[in-house]
Amino acid sequence: MITVFREAQSQPADIVEAELRDMVIGFKRVILTSEEVSARLGADVGLPAIQDGARIVSGTAELHTYLKELADFYHDWHMYQGDACYVYDNGQNC
């Protein structure tokens, strides 16, 4: 499960959540204050941040890269999960 750590009012976090919703990816939202961040995520992590398993991503460039990788992964995933028609070895299709 992907978790988005954010402040209650944050335009960058709103953008991150909107991108996840556009990809139709479920996530959990955790509201933190700036004082809670270092205790919960570490001193070098800023908000917004995403936790995906053991991986924690924060910072504009890192979040952008992560969301691009995730979009590419889900694009490939959805492409092969549909009920598309395949051509069999004998040349017939479904």
- When only the heavy atoms of the protein chains count and the probe is 1.4 Å, how do Val4, Val30 rank by accessible area, highest first? Val30, Val4
- Message: Using a 1.4 Å probe on the protein heavy atoms, what percent of the accessible area of the range 1-72 belongs to carbon and sulfur?
- Response: 51 percent
- Might you report the magnitude of the Cβ-based charge dipole of the range 1-54 about its Cα centre, with Lys and Arg at +1 and Asp and Glu at -1, to the nearest 20 debye? 180 debye
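The values are calculated or read from the model by the stated rules, or taken from the named source; none is laboratory data. Note that this is a predicted model, so its numbers are computed, not measured. As a convention, Cβ positions derive from the backbone with ideal geometry for all residues, glycine included, and neighbour counts pool all protein chains shown. Areas reflect the complete protein model, heavy atoms only, side chains present, ligands, DNA and RNA absent. Shrake-Rupley method; radii C 1.70, N 1.55, O 1.52, S 1.80 Å.
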